[in-house]
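The values are calculated or read from the model by the stated rules, or taken from the named source; none is laboratory data. Worth saying up front: this structure is predicted, and the values here are computed from it rather than measured. Cβ placement follows ideal geometry from the backbone for every residue including glycine, while neighbour counts extend to all protein chains displayed. For the accessible areas, the whole protein counts, side chains as well, though only heavy atoms, and no ligand, DNA or RNA atoms are used. Shrake-Rupley method; radii C 1.70, N 1.55, O 1.52, S 1.80 Å.
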Amino acid sequence: MLDRDGYRPNVGIIIVNHRNEVFWGKRVREHSWQFPQGGIKYGETPEQAMYRELHEETGLKAEHVRILGRTRDWLRYDVPREWIKRDFRGNYRGQKQIWFLLRLVGRDCDVRLRCSEHPEFDAWRWHDYWVPLDSVIEFKREVYSLALNELSRLLFARDIDGSRRQRPRRDAGAAATARPASVDPKPAAPPQIDSGYPAD
């Protein structure tokens, strides 16, 4: 299902835990990492598609998460011609996405990566919200940066005068910020490897 400009409607999903770290998934048998995402089927609303994709790719259900917000408008990226199947060349340009920010209210053990016949991820981990985007395929990086920046306003506390405390804008590929000093520094956790797949 394409719009008249050649973009396929899609949803992107940013899941955060109580530390505001993001769910970061490793694509099956690849060394690239990304957020869950997927197409919107005919007749679905973006929210319905989000819950379906969430379960298919992470095993999480509606009761495991709480919606914090979504992007106001569609965010678009073009797919390079060499990545487009020959049958779709000339019509398909790329994806237009609504991004959702979700708070995990369940537990880490609720994540199950093999809930569909064709799993998207074979490992996952929690990462600082300003995750470096150099492990994301290049043509998606700008949209990731736009989504993270727009949705970050929903996570950060307001100052005493009621104004929202500003977080520094992060560009695609920038290094992750350190945790606040009030949090005991810990070494980065290894990826969570889903049973049934060998670790790459």
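Summary of values
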| read-out | value |
| --- | --- |
| Check on Leu146, touching a residue at least 24 places away in the same chain (Cβ under 8 Å), open to solvent by 50 Å² or more (accessible area, probe 1.4 Å) and within 28 Å of Arg72 (Cα to Cα) | yes |
| Count of residues meeting criterion [touching a helix residue (DSSP H, G or I) at 6+ places or on another chain (Cβ under 7 Å) and more than 27 Å from Leu2 (Cβ to Cβ)] in region 70-109 | 3 |
| Qualifying residue in region 48-70 (condition: without any contact (Cβ under 8 Å) to a residue 24 or more places away in the chain, open to solvent by less than 80 Å² (accessible area, probe 1.4 Å) and not hydrophobic (A, V, I, L, M, F, W, C)) | yes |
| Search result, residues across region 108-133 that are in contact with a Lys or Arg (Cβ under 8 Å, 6 or more places away or on another chain) and assigned to a loop (DSSP other than H, G, I, E, B) | Glu120, Asp128, Trp130, Leu133 |
| Criterion: acidic (Asp, Glu), surrounded by fewer than 20 Cβ atoms within 10 Å (Cβ to Cβ) and modelled with pLDDT of 95 or more - qualifying residue of Asp134, Asp73, Asp78 | Asp73 |
| Condition met for Lys85 (out of contact with any Ser or Thr (no Cβ under 8 Å at 6 or more places or on another chain), farther than 17 Å from Val16 by Cβ and surrounded by 15 or more Cβ atoms within 10 Å (Cβ to Cβ)) | no |
| Residue satisfying condition, being assigned to a helix (DSSP H, G or I) and either at pLDDT 90 or above or not acidic (Asp, Glu) (or both), within set Asn149, Asn91 | Asn149 |
